[in-house]
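Structure, as structure tokens:
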Amino acid sequence: MEKNKIEIRTTKLQDSYEIIIINHGDRRGGFEEYFKDSNYAGIPFNGVRQCNRSYSKKDVFRGFHYQMDNNQAKIVEVLEGSALAIIIDIREGSPTYGQYEIHLLSPEKKNQLFVPHGFANGFIALEDNTVYQYLCDDVYNPLSEGGIIYNDPDIGIDWDAIKKEYGIEELILSDKDQKHPTLKETKFKFYYGEKPENVKKYLITGFNGQLGYDVKRELISRGVPEENILATDIDTMDITKKADVIHTVNSFKPDVIFHCAAWTNVDGAEKDMMGCCNANVIGTRNIVDASLIVDAKIIYLSTDYVFDGEKTGLYNEQDAPNPKNIYGLTKYLGELEVSRNPKHFISRISWVFGINGKNFVKSMVNTSQKRLEEGLDYINVVDDQIGSPTYTVHLAKTLADMANATNYGTYHVTNKGYCSWAEFAEKIFEVFGIDIKVNRVTTEEFFKGKEHAVRPENSCFDETKAITSGYSLPTIEEALKEYKKELKLNEKK
């Protein structure tokens, strides 16, 4: 039977632990398994990325310190001498927020203290030549330093009692440690569990597109400050350049990334496969790599074109993708990249329309008006492709909901209802009051004499998973009515 290597004891502070190292000895001496990842499996510690040691004389106090954007969890102990380790839970929403705990650490006690993310920590050296060691799960960044004043009245540490018990005449502090703010005065906040929506930071790719534009509008409507949103496009962050992506994401450190940028020219992808692949696969890989560095949730927009369209009935999330064109293939490969981040949402959508950019609805309205002006009372529209249109205003609301959820995975999310392109055109003309006939044609008739990508005939989604998870969009008809109002309001601006 394997001997115990460590003993882990809970403390009164949420998520903090005291760790006792077990020494196995005989007449020759002893042996300790000092550190092994598997021994600490039950502790939220991400492995050792940096090890620090401080050397202090008696009565020196160092603290209370924390790292902000790259906050470190730490395992602390005393290698020589002895010290009082003092930790404070500064995570808003924690059951032990603002509370502190004191632990005596020494080589004789063979104890360590786990200091979680979102804690401030400090120590008092009780002997000369005290060596205090920190095993940290992130690297130190001087630009990310933060601290809390040692005698914060709201925390209420009884320093007089500590001095009396341990024979401390006067604490020896650095100038910096005497100037920290109180916990109430600190501007940087840590949170227990999910951050509130209005304090999270959001990065949007493809902001100049229809969906990226509406995602930002939705976040602002929910009270997210503009400074907490970084809306990018190719001019501000080229997703195909990894160094550019890593720098931008690592500098902003978003909690959530909405990856809306994509190559969407379906026919153009057949002619420029590498260009499409760079945007939809390499670009997505770069975004995912960056999201993992900053531990950001990623929300990725995929497409009905990942399926071949040959199924009878509705496509659900368990159906195997089988794209028939380059665009669909690259979006599916993008899905595989996104799946590397455990905190991911993949939203498959189709037939998108919104205020900011070209789309089928605008095209039908404009084209029909021109044909009527030319004396033509009909318009040719494809009738052998069936799917569900998706209004970006409605979709943006769902994506913003996902940003605050943890039921990760792949979802089919479109407006309710199914129709062919021709039937969709008829719905558009009815809502917009345009009196023109739709002449239903096949895809081959529509593209006669022109090279084009193969399109799936059936793009109808089963949205049961999305609906039961709380991600439900209104009907196609409701979407068109709202879009008409939005277009009119936009014309008046």
>> If I filter region 258-269 down to residues being of a type in the set (A, V, I, L, M) and not in a helix (DSSP H, G or I), which single residue comes out as surrounded by the fewest Cβ atoms within 10 Å (Cβ to Cβ)?
In response: Ala262
>> On the basis of being within 30 Å of Leu301 (Cβ to Cβ) and in contact (Cβ under 8 Å) with a residue 12 or more places away in the chain, does Leu171 make the cut?
In response: no
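Hey, does region 220-235 have a residue that's in contact with a Cys (Cβ under 9 Å, 6 or more places away or on another chain), within 22 Å of Thr248 (Cβ to Cβ) and not hydroxyl-bearing (Ser, Thr, Tyr)?
First pass over region 220-235, keeping only residues in contact with a Cys (Cβ under 9 Å, 6 or more places away or on another chain): none.
No, the conditions are met nowhere in region 220-235.
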> In this structure, is Ile86 within 18 Å of Asn121 (Cα to Cα), among the hydrophobic types (A, V, I, L, M, F, W, C) and in the same structural domain as His117 (by TED's automatic domain parsing)?
Replying inline: yes
>> For Gly417, only one of the following conditions fails: (1) at negative phi; (2) modelled with pLDDT of 95 or more. What is its number?
In response: (1)
> Looking only at residues in region 7-37 that are acidic (Asp, Glu) and free of Cβ contacts under 8 Å to residues at least 40 places away in the same chain, which one is surrounded by the fewest Cβ atoms within 10 Å (Cβ to Cβ)?
Replying inline: Asp26
>> Among the residues of region 277-297, are any of a type in the set (D, E, K, R), over 21 Å from Tyr408 (Cα atoms) and modelled with pLDDT of 95 or more?
In response: no
> Quick one: how many residues across region 468-493 are over 17 Å from Met364 (Cα atoms), outside any loop (DSSP other than H, G, I, E, B) and touching a Lys or Arg at 6+ places or on another chain (Cβ under 8 Å)?
Replying inline: 1
>> Give me the helices (runs of 4 or more DSSP H) completely within region 305-415, filtered to those with at least 3 residues that are more than 33 Å from the chain's Cα centre (by Cα), ordered by residue number.
In response: 360-373
> Is there a residue being assigned to a helix (DSSP H, G or I) and surrounded by 22 or more Cβ atoms within 10 Å (Cβ to Cβ) anywhere in region 431-440?
Replying inline: no
> Mind checking which residues of region 178-212 are crowded, with 21+ Cβ neighbours inside 10 Å and under 18 Å from the mean Cα position of the chain (by Cα)?
Replying inline: Phe190, Tyr202, Leu203, Ile204, Thr205, Gly206, Phe207, Leu211, Gly212
>> For the condition farther than 27 Å from Ile257 by Cα, of a type outside the set (Ser, Thr, Tyr) and in contact with a Cys (Cβ under 8 Å, 6 or more places away or on another chain), what is the one hit in Gly387, Gly449, Gly417?
In response: Gly387
> With Asn71, Asn52 as the choices, which residue is in a strand (DSSP E or B) and of a type in the set (S, T, N, Q)?
Replying inline: Asn52
> When the residues of region 29-52 are filtered to those that are within 30 Å of the chain's Cα centre (by Cα) and of a type in the set (Gly, Ala, Ser), which remaining residue is nearest to Asn71 (Cα to Cα)?
Replying inline: Gly47
> Out of all the residues in region 280-298, which are of a type in the set (A, V, I, L, M, F, W, C) and more than 14 Å from the chain's Cα centre (by Cα)?
Replying inline: Val281, Ile282
> Hey, among Glu337, Glu310, which residue is more than 15 Å from Cys460 (Cα to Cα), surrounded by fewer than 24 Cβ atoms within 10 Å (Cβ to Cβ) and either at pLDDT below 95 or not polar (S, T, N, Q) (or both)?
Replying inline: Glu337
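Looking at region 1-49, which of its residues are hydroxyl-bearing (Ser, Thr, Tyr) and either part of a strand (DSSP E or B) or under 24 Å from Thr130 (Cβ atoms) (or both)?
Within region 1-49, Thr10, Thr11, Ser16, Tyr17, Tyr34 qualify.
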> Quick one: in region 444-493, which of the residues that are among the aromatic types (Phe, Trp, Tyr) and within 33 Å of the chain's Cα centre (by Cα) is nearest to Asp401 (Cα to Cα)?
Replying inline: Tyr471
> Got a sec? Which helices (runs of 4 or more DSSP H) wholly within region 143-257 have at least 1 residues that are under 23 Å from Val60 (Cβ atoms)?
Replying inline: 159-166
>> Given the options Thr303, Thr284, Thr312, name the one that is among the hydroxyl-bearing types (Ser, Thr, Tyr), assigned by TED's automatic domain parsing to the domain that holds Leu219, closer than 25 Å to Ala396 by Cβ and out of contact with any Asp or Glu (no Cβ under 8 Å at 6 or more places or on another chain).
In response: Thr303
>> Quick check on my filter: what residues within region 76-110 are of a type in the set (Lys, Arg) and either under 22 Å from Val131 (Cβ atoms) or surrounded by fewer than 17 Cβ atoms within 10 Å (Cβ to Cβ) (or both)?
In response: Lys109, Lys110
> For Ile293, all conditions in the list (1) surrounded by fewer than 24 Cβ atoms within 10 Å (Cβ to Cβ); (2) touching a residue at least 60 places away in the same chain (Cβ under 8 Å) hold save one; what is the number of the exception?
Replying inline: (2)
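The values are calculated or read from the model by the stated rules, or taken from the named source; none is laboratory data. As the structure is a prediction and not an experimental result, all values here were calculated from the model. Using ideal geometry, Cβ is built from the backbone for each residue, glycine included, and neighbour counts are taken over all protein chains shown.
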